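Below is one structure; the comments refer to it alone.
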Amino acid sequence: MARYLRNLGMAEYCAPSRDHRKYQGRTSLANARSLRYCFTFSIAVLCYSIGITTPIFAQQDAKIAAQKWRPKDGPYGLDPGTDPNVSCEMLTLHDIELGRRLIVSDEMYKCEIVKITDTAPATLRLDAKCDYVKKRKSRDTIFLHKIDDQSFFMGWRGQRQFRYISCPENGMDKIMAKAKRRKMQEQIGRQAWRPRDGVYAKPETSFEDRCMKSGDATIDLAEISISNGISHCEVDQVEGGTQNSISLQARCDLKPGETGMVARSIGGGIVFAPVGTEKIVITNAGNQTISLQKSRNGEFSELPELFAYCPDAAQRAYADSKKVK
């Protein structure tokens, strides 16, 4: 307190009289009053000083906080740098959500962010625990550097950084559908056998007529769809395959906006699955004929059906009808 008073030039004012011994009887009361007034005044000055500096510190803290950059949460497309005018529909999507401490790409990895560090203006280091599709879990360090409000560079330690561009929220259903279709096409392309896309009909006496009347079944794995009679299915994933067959998981006959899970009794146990989930097995029966079996409520309760590939005229008519749609 004494040092603080000296800095304010009040030391002399607050110090008791040096001649107090000489006039001890007459001045002791005056000195006491002087010290009391001095102490009160000093506290007032100290509080005033704190009151002035507090807003200054608050302004500095606000300025520092404003300098911290975070990419907005949402979908981003990885730009390989081959096309300056590339669109999100052509890019592999990554969901960057630092607000939820997650970075995810369904096709490659899922990273949980443990710590976020601002290493420089508009530059972040993320300590993460990542689970990769093609390798085991590991701890990694991810670096982000802002380019502008819509893009940034991102890369893992020791690897090249790529540009990521923000993809609009509107139209994301279309973008995600294309990404899903591309992923499914890659899975189907790795199988030893797959049926030909096109129109099929039951190999009966009225086979050609049935083909020209849109057939009994259509397979369009390029569009990940299979139709059998009035039933329509969209393929979710490839479950396996052999030299002559392919097993698929699909969602069939969904109504608009229909979501949720359903409980099913399969093999003596209760299994939860998304609404409409069914299994489809397609087998090569030879001579351009296939055997198609679809589950009902998750179980194969019906026998497989035979379908033959329709002639070229029916295939052209089917292709033309797709163009109109």
Conditions: (1) more than 29 Å from the chain's Cα centre (by Cα); (2) part of a strand (DSSP E or B); (3) within 21 Å of residue 311 (Cβ to Cβ). Residue 246 meets all but one. Number of the miss? (3)
Kindly establish whether residue 100 is under 16 Å from residue 73 (Cβ atoms) and modelled with pLDDT of 90 or more. yes
Looking only at residues that are among the hydrophobic types (A, V, I, L, M, F, W, C) and part of a strand (DSSP E or B) in the stretch 249-270, which one is modelled with the lowest pLDDT? 266
Restricting to the stretch 94-125, name every residue that is under 11 Å from the mean Cα position of the chain (by Cα), closer than 17 Å to residue 144 by Cβ and either among the hydrophobic types (A, V, I, L, M, F, W, C) or in a loop (DSSP other than H, G, I, E, B) (or both). 96, 98, 101, 102, 103, 104, 111
Take the stretch 289-325 and flag every residue that is without any contact (Cβ under 8 Å) to a residue 40 or more places away in the chain and either farther than 23 Å from residue 209 by Cα or assigned to a loop (DSSP other than H, G, I, E, B) (or both). 293, 295, 296, 297, 298, 299, 300, 301, 302, 303, 304, 325
Looking only at the stretch 88-122, and only at residues there that are of a type outside the set (A, V, I, L, M), within 14 Å of residue 69 (Cα to Cα) and in contact (Cβ under 8 Å) with a residue 40 or more places away in the chain, the one that is surrounded by the most Cβ atoms within 10 Å (Cβ to Cβ): 118
Selection over the stretch 197-244 where residues are exposed (fewer than 14 other Cβ atoms within 10 Å of the Cβ) and among the β-branched types (Val, Ile, Thr) yields a count of 3
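The values are calculated or read from the model by the stated rules, or taken from the named source; none is laboratory data. All values reported here derive from a predicted model rather than from experimental measurement. Backbone-built Cβ (ideal geometry, glycine too); neighbour counts: all protein chains shown.
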